[in-house]
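The values are calculated or read from the model by the stated rules, or taken from the named source; none is laboratory data. As the structure is a prediction and not an experimental result, all values here were calculated from the model. Ideal geometry is used to build each Cβ from the backbone, glycine not excepted, and the neighbour counts take in all protein chains shown.
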Amino acid sequence: MNSLKGLGVCAVLAGIAYALTRVTDTDTLMLWATVVIISVSLVTFAASIRRRRRDHRIAGE
């Protein structure tokens with residue numbers, strides 16, 4: 001069992017808290033965070049579709 005599995009989440013939350021204390025314009029920060037999250041989600045979704053199509057083609061369906 002991995003005793004450090006929650007360490008990454010804690011580090012991300014600490015980084016967000018630190019960034020919010022250092023940034024003067026939190027609206028802009030939240031806008032950019034949202035844009036990054038949506039972009040990563042779209043790229044992951046597109047990669048998933050390509051992988052599924054390739055797997056179906058290889059399987060002969």
Being out of contact with any helix residue (DSSP H, G or I) (no Cβ under 9 Å at 6 or more places or on another chain), surrounded by 10 or more Cβ atoms within 10 Å (Cβ to Cβ) and in a helix (DSSP H, G or I) is the requirement here; does Ala11 meet it?
yes
Can we say Arg22 is among the basic types (Lys, Arg) and at pLDDT 90 or above?
no
